[in-house]
1. Please state the relative contact order of segment 387-509 as a whole percent: Cα pairs under 8 Å, 6+ residues apart?
2. Give the percent of DSSP beta bridges with both residues in the chain that are antiparallel, rounded to the nearest 5.
3. Please compute P(r) over all alpha-carbon pairs of segment 146-338, binned at 10 Å starting from zero, and give each bin as a whole-number percent.
4. Would you mind checking which residues have amide H under 5 Å from Lys192's amide H? H placed 1.01 Å from N; only 5 or more apart, or other chain.
5. Taking amide H positions as placed in the peptide plane 1.01 Å from N, state which residues far from Val9 in sequence (5 or more) or on other chains have amide H under 5 Å from it.
6. Find the relative contact order for segment 186-319 and round it to a whole percent, using C-alpha pairs within less than 8 Å whose residues are 6+ positions apart.
7. Among the lysines, which have Cα under 29 Å from the Cα of Lys77 when same-chain residues fewer than 8 positions away are ignored?
8. Which lysines, if any, have their Cα less than 20 Å from the Cα of Lys239, not counting same-chain residues under 8 positions apart?
Amino acid sequence: MVDGGRVAVIGAGVSGIAAANVWQSCGYDVTVFEASGKVGGQWTKTYPGVRLQNTAPQYQFAEFPWPFPVDRHPTGKHILDYIEAAARHFGLDVRFDHAVTRMAETSDGWRLTVNDADAGEFAYVVIATGQYPGGDGKFVPPFENRDAFKGEVITNIPSIDIFKGKRVAIVGFGKTALDFSAWSAQVADETKHVFRTPRWTIPDRLLGIDYTRPFFARFGSDMMPSWCHSSGPQRALHKSGAAVVRGFWNFIANLFRFQHKRDAKLAGKDPSVLDAVMPPNSQFMPDLRSATALAPERYYEHVAHGRISPVRGEVTAFDADGLVLADGEKVTADLVCVCCGNDAPRLPYLPDKYRAILEAQEGGPALYRQLIDPRIPRLGFAGFNHGFLHIALVEIGALWQVAALRGDLDLPSQADMLASAERVAAWKRAHSTFEPTYNIAVSTRYQQYLDILMQDLGLSQWRKLPNPLAELFARYDPTDYKGAVKQYLAKREKRRAKGKVQSLAPVDA
């Protein structure tokens, strides 16, 4: 049991700042080590023009709402300014240009080497280097003959001007590929969007209604199939009402399809012009994953009116003039943008035996409750539970780690925790479209997952009661979890006085 002590957080992105604040609020002496010269993590490496897919109310710290006016979909600058303001508001000790280069296990925690100098010993370390750490984190498939291509190959852009007057080929169907395609269509001579399989995208508005209303309310999230279900009615719905669940999501898929066609402004064109970028309904649920993209403004309109030429096929190689597909078709281009997702995390500062455990797993580390590997003492992860309500996921996850370190949770055996993590990983493999980081996301299952963590902590998962209508139909956002740290600390004192610890249910069995 550890009360207080030094805690190191590696990374000053949004996950690192969120986790550090929770640990500090629970009485720990927290130091945040950031390898770069500023806060923001991956938001410091994004492309110009990027905006948050989520909306501002769903992307904020529970104890620090946005302190300045912000767009509904905040810009990258908005987010960087907000994270910086939060770090100041929380009074965090953030050490910039401090790269952790080595972690050595001790009897009471970890000794860290930072910039090749001893940084001292810490009772606990939180790795918050993000879902996409390491280099620029971009995954580039090993296409053959890349050196033969006479044009330019990129994974990021300095500005939209890079597309001007060029024949552009964009490979992939995630957010980056969709954004680049929509922007290229405005200025390039030719834009070809190349992908093996189209993916479902989320319309920003459904029949004029903000998409967050159904997706961030319990009536919608309760319908989501998951590896865990957090209440009796929810479990009963998915066990006995599977046909109802399937019908509900088939309706939503048709509604998405209708909205995309409406946004395409077909103006009398045959709707089949969009067939190449419209996946089947059977793919809808598997595509609701971490990489699910919000449909960029005008993407479907550009496809419908010929400004984007969709090309369905698997890229196997380059030649001098562009790309070669598996069926032999060639795609000519001056500029190729490879947007094929991100590599799984690399953790070079960990001892080799632990690094081998974590980096050997397909899809990234499969963690118990997405938070710890029970084989590695006094180490937790922040942001490896990425999802639609990301900051709340990190904050409640950090509180769970505090409770586990303090001995407030009656954790299962190491074998049982590893088996649980593997069951979750197996469920994701079976029910989600593959992505290189599938293990370190809860994606659209954020509400069930948050509920489970709250149950583990002995706190109420029902954050909008005593108003049952609000609980069912109002949107959840991180501020619904305001006060959770104080509630945990107050309940902890009562439990300690009685000598009790909180049992954890095997919800994923």
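Every number in this text was worked out from the coordinates using simple rules, so none of it is lab data. All figures in this text were calculated on a predicted structure; none of them were measured in a lab. Positions of Cβ are generated from backbone atoms using ideal geometry, with glycine treated the same way; all protein chains shown enter the neighbour counts.
1. Details: 88 pairs, mean separation 52.8, N = 123.
It comes to 43 percent, rounded to a whole number.
2. Numbers: 24 of 62 bridges.
Antiparallel bridges make up about 40 percent of those DSSP assigns within the chain.
3. Over segment 146-338, the share of Cα pairs per 10 Å bin runs 9, 32, 30, 18, 9, 2, 0 percent.
4. It is Val168, Ala169, Ile170, Ser309, by chain and number.
5. Thr31, Val32, Phe33, Val126
6. Numbers: 126 pairs, mean separation 62.9, N = 134.
Relative contact order for segment 186-319 comes out at 47 percent.
7. Lys38, Lys45, Lys138, Lys164, Lys166, Lys175, Lys482
8. Lys428
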